[in-house]
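Bear in mind that the values in this text are calculations on the coordinates, not laboratory data. Small disclaimer: the values here were computed from a predicted structure and weren't measured. Neighbour counts are summed over all protein chains in view; Cβ atoms, including those assigned to glycine, are modelled from backbone coordinates with ideal geometry.
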Amino acid sequence: MNIIETAISGPVIIEPRVFGDERGFFYESYNAGAFKAAGLDLNFVQDNHSKSAKGVLRGLHFQNPNPQGKLVRVTAGRVWDVAVDIRRSSPHFGKWVGVELSAANKRMFWVPEGFAHGFIALEDGTEFLYKCTATYDPSAEHSLMWNDPAVGIEWPLEGLKPQLSGKDAQGKALSEIEAFA
Ligand SMILES: Cc1cn([C@H]2C[C@H](O)[C@@H](COP(=O)(O)OP(=O)(O)O[C@H]3O[C@@H](C)C(=O)[C@@H](O)[C@H]3O)O2)c(=O)[nH]c1=O
């Protein structure tokens, strides 16, 4: 597999080795030893799977306390996936990185603890799978506003009006969230 660093220390893009043949394809979506050898010594305790219509925007989510690192990928359709650094001590506090993940490119994205995470589905029937390093804790979950000008995420809206959950429609600004130390 190939690890691609991003402009922020922490989040990385992972390109798995894909074996294609006349039957289809095969790839390892996670291998503890290989990830550890690549500097990602992770311990996952929960797997999630969501399906979204084109234009659905989920996020930007984080848990504090009980932060979750997330290894995310797409098995149907396409998303623009974003991680926002919300560690106050980081030189990149408030900065974001984005990557297109799709069933076609089979890229994965590692979003560490200390980041808010979200995505917009760019195709109907987009299926999003991810592994988490901590379990869901509704009492600790928070939404950072997807369109806070202080963060300035360049969402590829392609003319879409994002479809948000009620919770995400009330996301807080970067200046208001319970960021990490
Ligand atoms: C996230 C989550 C939700 N749920 C329930 C709560 C709720 O009734 C229903 C839908 O939850 P949500 O609206 O929060 O789902 P969703 O907006 O898809 O939340 C996810 O968004 C992406 C961007 C992330 O980064 C994830 O960590 C997670 O926060 O599923 C669980 O039971 N376990 C979980 O781990």
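Can you tell me how much longer the chain between ASP41 and LYS95 gets when fully stretched, taken as 0.36 nm per residue apart minus their C-alpha distance, in nm with one decimal? Each step should come with its number before you reach the end.
On the way: separation 54, 0.36 × 54 = 19.44 nm, distance 2.42 nm.
Taking 0.36 nm per residue and subtracting the Cα distance, the gain is 17.0 nm.
Which parts of the stretch 40-63 would a label at MET1 reach, counting a residue when its backbone N lies under 16 Å from a point 7 Å out along Cα-to-Cβ?
Residues 40-48 qualify, since their backbone N sits under 16 Å from the label point.
So what's Rg/Rh here for the stretch 2-169, counting alpha carbon atoms and using the Kirkwood radius for Rh?
Rg divided by Rh gives 0.95.
Between the stretch 114-181 and the stretch 37-67, what is the separation of their alpha carbon centroids in Å?
10
Over the stretch 87-181, what lengths in whole Å, largest first, do the semi-axes of the equivalent ellipsoid take, defined as the square roots of 5 times the eigenvalues of the alpha-carbon gyration tensor?
Value: 22, 17, 15 Å, ordered largest first.
Which of LYS54/LYS161; LYS36/LYS131; LYS131/LYS161 have a Cα-Cα distance over 18 Å?
In this structure, LYS131/LYS161 exceed 18 Å between Cα atoms.
So, counting K/R as plus one and D/E as minus one, what does the shell of residues with Cβ under 12 Å around GLN63 add up to?
Net charge around GLN63: -3.
I'd like the Karplus ³J(HN,Hα) series for the stretch 28-39: coefficients 6.51, -1.76, 1.60, θ = phi - 60°, whole numbers in Hz, and an x wherever there's a Gly or Pro.
Working through the residues one at a time gives 7, 7, 7, 9, 3, x, 5, 5, 4, 4, 8, x Hz.
If you keep only loop residues by DSSP, which GluC sites (Glu not before Pro) in the stretch 3-59 have at most 14 other Cβ atoms within 10 Å of their Cβ?
Sites meeting the loop and neighbour criteria: GLU22, GLU28.
For ALA140 and GLN163, what does the FRET efficiency come to when R0 = 35 Å and r is the distance between their Cβ atoms, rounded to the nearest 0.05? Write out the running numbers ahead of the final one.
Values: r = 25 Å, r/R0 = 0.71.
So, using R0 = 35 Å, E works out to roughly 0.90.
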